[in-house]
Amino acid sequence: MNTKDKSIEELKRFYAEVAQAIWFLMNACVNKEGDRKLLKTDKPFVMHSLTMAFKLLEQGYDKEVILGAILHDLLEDAQVEIQTIKEKFGDKVARIVKACSFDESIEDKKERYKELFNRVKKEGREALIVKASDILDNSNYFHFVENPRVQEQLLEKWSYFLDVAKDVSDEPIFQELVNRINLLTQKQN
């Protein structure tokens with residue numbers, strides 16, 4: 001978000017909406033004692049989502065992109081209903097979140113990610129930016145993957161995304177992702 005063009009009141013509203021999304025994320029994942037709720041994943045997706053959102057915020061993206069980043073894993077990992085996100089954060093944010101969520105009815109992992117990336121592209125620029133940020137942050141954990149075949153599959157998957165997401169090749173987040181994938185590919189070879 002370009003803060004130079006915004007009034008103090010606009011900034012207050014914007015940051016209040018970001019805070020509301022963070023609060024919603026935390027309530028979906030942590031009980032009132034601060035313990036993690038039973039989720040579908042062990043990954044630290046609260047920190048992942050916040051890291052993504054703050055990076056995108058720093059790069060000047062708009063509210064829907066920031067909120068989409070904060071909420072992007074809730075359908076898959078915390079069983080939050082898309083209707084709830086739509087009611088609380090609007091149709092555009094809900095569409096971004098839905099586009100960035102796997103269709104778990106697709107059993108073949110390769111077909112699942114291809115369908116996801118193509119759906120993200122169909123949703124548009126904002127969803128592509130959120131997904132690029134998602135992959136970029138996930139790539140930080142690539143070195144924990146010990147199986148060379150799984151590393152190869154991840155690089156293949158991420159390269160597929162780069163091909164699908166060329167519509168946002170002018171975005172800084174996309175360029176950062178290209179550089180990261182190239183670096184990881186070089187290290188593997």
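So, with +1 on the Cβ of K and R and -1 on the Cβ of D and E, and no other charges, what is the size of the charge dipole of the chain about its Cα centre, to the nearest 20 debye?
The calculated dipole for the chain is roughly 100 debye.
To make sure I understand the rule: partners must be aspartates and glutamates, Cα under 12 Å from the Cα of K121, and not fewer than 8 residues away in the same chain. Which ones qualify?
D163, D167
Take every Cα-Cα pair in the range 3-188 and report what % of them are more than 30 Å apart.
18 percent
Sort H72, H143, H48 by Cβ crowding within 10 Å, fewest neighbours at the top.
Sorted ascending by nearby Cβ count, the order is H143, H48, H72.
Which far-off residues, 5 or more places away or on another chain, put their amide H under 5 Å from the one on V30, with H placed in the peptide plane?
Excluding prolines and chain starts, which carry no amide H, the hits are K37.
With n ≥ 4 as the cut-off for DSSP H runs, can you work out [θ] at 222 nm for the chain, using -39500 (n - 2.57) per run divided by the number of residues, rounded to the nearest 500?
Helix-only estimate at 222 nm: -21500 deg cm²/dmol.
At a Cα cut-off below 13 Å, give the aspartates and glutamates reachable from K88, other chains included and same-chain residues fewer than 8 away excluded.
Output for K88: E17, E64.
What ranking of D134, D73, D167 emerges when the number of other C-beta atoms within 10 Å of each C-beta is taken as an exposure proxy, fewest first?
Going from least to most buried by this count: D167, D134, D73.
As a quick test, which of the pairs K43/K63; K98/K157; K43/K187; K92/K122 have an alpha carbon distance above 23 angstrom in this structure?
In this structure, K43/K63; K43/K187 lie more than 23 Å apart at Cα.
With a 10 Å cut-off between alpha carbons and a GNM built on the chain, which of S101, S133, S159 moves the most?
S159
When we measure straight from the Cα of K109, which aspartates and glutamates land under 17 angstrom away, once same-chain ones fewer than 8 places off are left out?
E76, D77, E152, E156
Each value in this text was obtained by applying a stated rule to the coordinates, not by laboratory testing. A quick note: this is a predicted structure, and the numbers were derived from the prediction, not measured. No Cβ is skipped: glycine too gets one built from the backbone with ideal geometry, and neighbour counts run over all protein chains shown.
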